[in-house]
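So the structure is just underneath, and the comments pick up after that.
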Amino acid sequence: MPPKGPKIIYPSYFDSRLSRSRGRRVPRKLAVRKPSLQDIERALSGLSLQYEVEREKHRPSRWYRMEGRIKVWYQGSKEQLLKEIGRRLRAGKDENTG
């Protein structure tokens with residue numbers, strides 16, 4: 001089967017301050033406070049995945065916040081990808097805080 005297009009990832013998917021209904025896509029235990037594009041880039045670098053950062057984009061449901069997005073080429077499901085990024089974000093934030 002040929003690969004599908006890239007998965008689109010927004011920082012708000014990982015924001016612990018948001019509820020699921022407001023746009024968080026990972027469990028709260030994998031979410032972090034104020035995730036940035038740079039945080040997600042670091043996580044993706046560790047996964048050795050091909051990605052492209054688009055800083056001037058916004059999530060359609062949050063059109064008033066120019067948070068940027070990342071296109072990731074990944075063969076598995078988007079949910080698997082989000083959980084793996086969330087684990088790496090969480091591990092990185094835990095290292096920085098303590």
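We did not get these values from a lab; they are worked out from the coordinates using the rules stated. Predicted, not measured: the structure shown is a model, and the values here were computed from it.
List of remarks:
- The phi-based Karplus calculation (6.51 cos²θ - 1.76 cosθ + 1.60; θ = phi - 60°) puts the 3J(HN,Hα) values of region 48-60 at 6, 9, 7, 8, 9, 8, 10, 6, 8, 10, 9, 6, x Hz, whole numbers, x for Gly and Pro.
- MRE, 222 nm, helices only [DSSP H, n ≥ 4, -39500 (n - 2.57), over the chain, to nearest 500]: -10500 deg cm²/dmol
- Estimated Rh, the chain: Kirkwood, alpha-carbon pairs, angstrom: 13.6
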